[in-house]
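Visitor: I'd like to ask you about the structure that follows.
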Amino acid sequence: MLRLIVDPPNLLLHFAEGAALPDPAGLLRGEGRRGRYICLGAVSPDDQPALHALIAAATASAPAATKSL
């Protein structure tokens, strides 16, 4: 599951199961047992493919009902 979190002045993309995702680019932050996040303002254009890969990996395992939201 993905969530957008507004934490002024930041916009965070939270990955509920981020600790289990492959992150070779090292974009994910946080030390929780499961969740990780990315500060979207800190993502450079060069990081966009890695961000898209993380989103694809996170949504691939989501239940079908959640994907349509």
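Visitor: Return the pair list, or none, for Cβ contacts closer than 7 Å from residues in segment 22-36 that are of a type in the set (Lys, Arg) to residues that are in a loop (DSSP other than H, G, I, E, B) and open to solvent by 50 Å² or more (accessible area, probe 1.4 Å), at least 6 apart or on different chains.
Guide: Once the first residue is of a type in the set (Lys, Arg) and sits in segment 22-36, its partners that are in a loop (DSSP other than H, G, I, E, B) and open to solvent by 50 Å² or more (accessible area, probe 1.4 Å) give 34/17.
Visitor: Mind checking which strands (runs of 3 or more DSSP E) fall wholly inside segment 1-60 and carry at least 1 residues that are β-branched (Val, Ile, Thr) and open to solvent by 50 Å² or more (accessible area, probe 1.4 Å)?
Guide: Because the criterion is at least 1 residues that are β-branched (Val, Ile, Thr) and open to solvent by 50 Å² or more (accessible area, probe 1.4 Å), the strands (runs of 3 or more DSSP E) in segment 1-60 that meet it are 2-7.
The values are calculated or read from the model by the stated rules, or taken from the named source; none is laboratory data. Since the structure is predicted, the reported quantities are computational estimates derived from the model, not experimental observations. Cβ coordinates were reconstructed from backbone atoms using ideal geometry, including for glycine residues, and neighbour counts include every protein chain displayed. Keep in mind that these areas ignore ligands, DNA and RNA; they rest on the heavy atoms of the full protein, side chains included. Shrake-Rupley method; radii C 1.70, N 1.55, O 1.52, S 1.80 Å.
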